[in-house]
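Input: a single structure, listed below in structure tokens.
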Amino acid sequence: MLMNVLNLHRKYTAIISGILLTLSFAPFDLYYLAFLAIALLKSALNNLQPKQAVNIGFLFGLSLFGSGTSWVYVSMMLGKQGFAFMPFIMALLFCSFWAIFLAVFSYLYTKCRIANKLDILFFSSLWVCLEYIRGEWILNGFPWLQLAYSQIDTPFSGYIPLFGVYGTSFIIVITSCLLLKLAYRFNKLNILLIGSIFFLGLGLANIKWVEPAGDAFKVTLIQGNIAQKDKWLLENKNKTLKQYYADTSKHLDSALVIWPETSIPAYYSEVKDGYLASLQELALSNETDIVTSLPYKNEKGELYNSVLILGQKTGLYKKIHLLPFGEYLPWQPISGYLLSLVDVRLGMFSSGKLEQTLLTGAGHKFVTSICYEDAFGQLSINQVKNAKFLVNLTNDGWFDGSIEPYQHMQIARMRALESGRFLLRATNTGMTAIVSEKGELIAQAPIRERASVTGMVTPMQGLTPYAKVGDKQVLWLILVLFLILLSYQRFSYWACGFFSCEHNKNTNQ
């Protein structure tokens, strides 16, 4: 009876912890709940057998992704009214799939746990290893709801330019475990360690890793606020094109004007000689550069989600990191069949090459990313050494009215902080903003409104430690630590069994 009550208590704890972790991210920004959520999860896993831990981890994951990625359901309900069964089932499958990673984490932790002070390092390194696999490998990576993002406005952000998202997540988990130990028993050493982590992050946040590379220039970001359900309707095409042209004409005193992702609802070949030619003339005659976006199809028939810059130096960027189930379909034909059940129509895009010529705007080269690409730190720093700022074009109109645009903005800000570069982020429906090299919001457009954001941007030079080494070096260190601890745990079990056996033999003699 007592065990049943305890198991029920653990299940409730796991569910609540998942929700608490969601609340630590934007738009709720209750960052301190991240530490509580991890501490509660670890507490719930204490003294559990691996098979029991799987259920606890899965419930935690389902609660986390169910509350934190509820926008998946919103995207499938675009243009529909009321409740729909199939989109709900699809969203549930989506959340359940990612919850498996937390189940695997819980199983491995309880299966291989270390019964001493090194347990904290084992728990933390295992967490980051699973977070990395989820964020980079599976289905092209899904780095949503990773711990470090919740701390972008706290002293822990000081670790970001040094270690990136994964290294900072490692520090956050360690801190959570120390807080849990402190809750069980007052310990001066744990207080000292927690205080040291906190104040070291605070000190690191004040270090200037980069410096200006020239005078500040004026930039304008256009937020069209074109509803996704209306965006590609043929009758709306000319209206949309005229709207962006008119909004741009009001800001020709800016050195750079940026439009959102696929702001031009037509293929490049369809508007090249007419609309784009007039836009190029507008840019040249006013000595400004205009960044826009549209689908581009080459002579082989390959389709690319692309960014085009017009003005003094024209250029084209082709999206590299494609969104699974959005821009390409893995697991065919099953995925295609399932999406047809919810009447979701998607484009089949090709991926651009990793090494592309940097686009140049306002006299400076910049790193370009399209929508989901800004969730990958390694991709953003790929050519940042030669770039003076970052540009991201996004369309979050698919998730209108949900928490996704706020989460996405939080993720995008991390790229500015990691690289030490200003980020210029133009979106269709929000959130459009200028972000400083410290990851701070300088100016932002109101969400779900037709608007523009104008501000001064400083080109930056130099590299943060993270921009120099990226994720791999930090992850190798964490992986090596994990393997050492795993080996230590195995050796301890072997040694314990061996010496116990020898002791028994001597006793029997």
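Only the coordinates and a few stated rules stand behind these numbers; no lab work does. As the structure is a prediction and not an experimental result, all values here were calculated from the model. So basically every Cβ, Gly included, is an ideal-geometry build from the backbone, and we count neighbours across all protein chains shown.
What the table shows:
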| quantity | calculated |
| --- | --- |
| Listed peptides 367-380, 150-163 by packing density, highest first (mean Cβ within 10 Å) | 367-380, 150-163 |
| For Leu303, residues with placed amide H under 5 Å, excluding near neighbours | Ser350 |
| Gyration tensor (Cα) of the chain, equivalent ellipsoid semi-axes in angstrom | 45, 26, 19 |
| Extension gain from Leu329 to Tyr32, taking 0.36 nm per residue of separation minus the Cα-Cα distance | 103.2 nm |
| Rounded tilt (10° steps) of 50-68 against the dominant C-alpha axis of the chain | 30 |
| Paramagnetic reach from Lys242 (point 7 Å along Cα→Cβ, amide N under 16 Å) across region 252-283 | 265, 275 |
| Antiparallel DSSP beta bridges within the chain, percent to nearest 5 | 65 |
| Rounded FRET efficiency, nearest 0.05, which uses the C-beta distance separating Phe186 from Lys111 and R0 of 25 Å | 0.20 |
| Acute angle (nearest 10 degrees) that the helix 85-112 long axis makes with the longest principal axis of the chain, alpha-carbon atoms | 40 |
| Relative contact order %, the chain, counting alpha carbon pairs below 8 Å whose residues are six or more apart | 16 |
| Gained length - Lys51 relative to Tyr488, 0.36 nm times residue gap less alpha-carbon distance | 155.0 nm |
| Computed label-point distance, nm, for sites Ser70 and Leu139 using a 7 Å Cα→Cβ extension | 2.0 |
| Label point distance in nm, Leu93-Ala227, each placed 7 Å from Cα along Cα→Cβ | 2.9 |
| Ordering of 433-440, 12-19 by packing [mean C-beta count within 10 Å, highest first] | 433-440, 12-19 |
| On Cα atoms only, tilt of 119-132 relative to the major axis of the chain in degrees | 30 |
| Rounded to the nearest 20 debye, dipole of the chain from Cβ charges on Lys, Arg, Asp, Glu | 1340 |
| Two-site label geometry, Glu270 and Asn386: point separation in nm, points 7 Å out along Cα→Cβ | 3.4 |
| Leading residue at positive end of dipole, the chain (Cβ point charges), from Phe349, Gly57, Leu92 | Gly57 |
| In Hz, Karplus ³J(HN,Hα) per residue of region 432-447 (6.51, -1.76, 1.60; θ = phi - 60°; x = Gly, Pro) | 8, 6, 9, 10, 6, 5, 9, x, 8, 6, 8, 8, 8, 7, x, 6 |
| Amide H partners (placed H, <5 Å) of Gly315, local residues excluded | Ile309 |
| Listed residues Leu118, Leu393, Tyr149: farthest to the positive end of the dipole of the chain (Cβ charges) | Leu118 |
| Extended-chain gain in nm, criterion 0.36 nm per residue less alpha-carbon gap, Leu200 and Met348 | 48.6 nm |
